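Scroll down for the structure; my scribbles are underneath it.
The values are calculated or read from the model by the stated rules, or taken from the named source; none is laboratory data. Please read all numbers here as calculations on a predicted model, not as lab measurements. Every residue, glycine as well, gets a Cβ built from its backbone with ideal geometry; the counts of neighbours run over all protein chains shown.
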Amino acid sequence: MRSCRGFTLLELLFSMAISGIIMSSVYFIYSSQQRSYLVQEQVASMQQNLRAALDLMEREIRMAGYDPTGRADAKIIQANTAELQFRIDFNEDGDFSNPSPPPANDPNEQIRYALTKDGDKDGIADGSPCHLGRETWGGGLRTVAENIDALDIVYLDERFSDGIDNDADGTIDEYDEAIMATPVANTEDIRAVQITLVARTGRVNPTYTDTGIYTNQQGTVILPQQNDNFRRKRLTAQVCCRNLAF
């Protein structure tokens, strides 16, 4: 018994201190990786949400004015900076109603896009959460993309070339595209629509501050500097309204 050696109090304290440092380092690394994973997950979800919404808008706006019989009067009904409403004769029956009992509107043949919280219609969310909404036949906006901070729509018409290389591609343009004033008075002149969406993550990132200024394709500010802890993504596309020229 006398030959058995134990630990002194100093050795125990030293060992506990070393163990505490190691455990703290392990926890810090784990916590940092966990935060990074959550941020990446939020950003990926935001990007997927944004791309899906823009893809849907592109496909439906491209069909605006589709009227194979020429009787339905399919066209763009309302064209504002932050709101777009149009009709499509999808079933090619020459109208937008189904008389068979019970009478009803043909589904998805009148569509409106707008933000769910944008009372002043300036394209900037008035509150949170604000989503991109899609409405059919006045049934109320249904969310197609969550956490959308800005929606900007620019309308373009086409006119014959003025003999100038406006897009600086080295050749004289056959047609020039001109930006139309909103709300568009004569929607039949619309030939293309530029859509810009700004989405944000669902959660804040305390270690990040968004100081960005978001613009449309013309460089016009559509969402000023927010200086908050949300990460944001801007996505834009131009859609040729191929059915409106006929």
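What the table below lists for this structure:
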read-out	value
Matching residues, segment 198-214, being in a loop (DSSP other than H, G, I, E, B) and closer than 15 Å to Asn227 by Cβ	Val204, Asn205, Pro206, Thr207, Tyr208, Thr209, Thr211, Gly212, Ile213
Filter result (modelled with pLDDT of 95 or more and of a type in the set (A, V, I, L, M, F, W, C)) within segment 201-229	Ile213, Val221, Ile222, Leu223
Residue list for segment 31-67, restricted to those being in a loop (DSSP other than H, G, I, E, B) and not charged (D, E, K, R)	Met63, Ala64, Gly65, Tyr66
Complete set of residues in segment 148-165 that are modelled with pLDDT under 95 and either on the phi > 0 side of the Ramachandran plot or in contact with a Ser or Thr (Cβ under 7 Å, 6 or more places away or on another chain) (or both)	Gly163, Asp165
Any chance Thr81 is more than 31 Å from the chain's Cα centre (by Cα), surrounded by 11 or more Cβ atoms within 10 Å (Cβ to Cβ), modelled with pLDDT of 85 or more and among the hydroxyl-bearing types (Ser, Thr, Tyr)	no
Contacts under 7 angstrom Cβ, first residue in segment 176-192 being under 20 Å from Gly123 (Cα atoms) and surrounded by 16 or more Cβ atoms within 10 Å (Cβ to Cβ), partner of a type in the set (Lys, Arg) and modelled with pLDDT of 90 or more, 6 or more apart	Thr187/Lys75
